[in-house]
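Worksheet for the structure shown next.
Here, each number is a calculation from the coordinates, and none is a lab measurement. As the structure is a prediction and not an experimental result, all values here were calculated from the model. Please note: Cβ atoms are built from the backbone with ideal geometry, for glycine as well, and neighbour counts cover all protein chains shown.
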Amino acid sequence: MEQFHHPRPVRTDSRAGWQPTPERRRLLAGLSGRVLEIGAGDGVKLSCYPDSVDEVVLVEPDPFLRAAAKGVAARLATPVRILDGDLRHLPVEDSCCEAIVCSLVLCCAARVEETLLEVRRVLAPGGELRFYEHQRSGNPALALAESLVTPVWSRAAGGCHPARDTVVAVQQAGFVIDSLDRFAFRHFSHVLGVARPR
């Protein structure tokens with residue numbers, strides 16, 4: 001279901017076996033300690049986390065996707081907890097995670113500002129937000145096209161808003177962007193970034 005809504009490659013087949021795509025590798029590189037991934041989907045991305053992560057906590061509101069993620073988690077050595085939860089009320093304690101990963105979920109959040117405030121609440125001091133998200137294009141013609149397709153696209157793609165200015169939303173929620181890469185995937189603008197609370 002997640003791959004239908006947001007069809008992005010997670011791993012590629014190579015001579016060394018299945019490897020994370022360059023985007024997934026960069027998103028997760030260097031993570032350690034307890035990591036929370038919100039809107040975690042079907043759990044396919046779990047296989048991309050580095051061995052330095054002590055625990056992955058997944059919060060996914062959809063019961064079908066939670067069940068799929070449990071099947072993936074059962075095959076991994078890294079401990080994984082999978083929780084039901086609202087993205088605006090994450091079911092974890094304050095300051096409990098060294099990093100939070102958002103992968104194509106902020107573009108689907110009904111109230112992205114509330115989700116980002118929850119991210120700030122659960123991040124440990126010095127923690128970071130890693131995000132791989134849709135981002136409104138800097139090209140006015142493409143931004144207009146993204147806005148025009150959003151009503152239909154959103155219904156077909158799990159509430160996704162490709163014209164959302166995710167970077168501004170992250171900054172307005174009180175984060176400082178440490179690194180940011182902009183790129184296009186299937187003609188839609190995306191960002192891959194790291195941010196920390198001010």
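Among the trypsin sites (Lys or Arg not before Pro) in region 91-171, which ones are in a DSSP loop with at most 15 other Cβ atoms within 10 Å of the Cβ? Mind listing them?
Of the trypsin sites (Lys or Arg not before Pro), the ones in loops of region 91-171 whose Cβ has at most 15 other Cβ atoms within 10 Å are ARG111.
How many angstrom lie between the Cα centre of region 22-98 and the Cα centre of region 128-150?
25
Any idea what % of Cα-Cα pairs in the chain are farther than 23 Å?
Summing the P(r) of the chain above 23 Å gives 40 percent of all pairs.
Among LEU144, LEU83, LEU123, whose mean-square fluctuation peaks in a Gaussian network model of the chain (Cα, cutoff 10 Å)?
Answer for the Gaussian network model of the chain: LEU144.
Using Cβ contacts closer than 10 Å as the measure, can you line up VAL105, VAL57 from fewest to most?
Placing the least packed residue first, the sequence is VAL57, VAL105.
Could you put THR21, THR150, THR166 in order, starting from the residue whose Cβ has the fewest other Cβ atoms within 10 Å?
The order, fewest Cβ neighbours first, is THR21, THR150, THR166.
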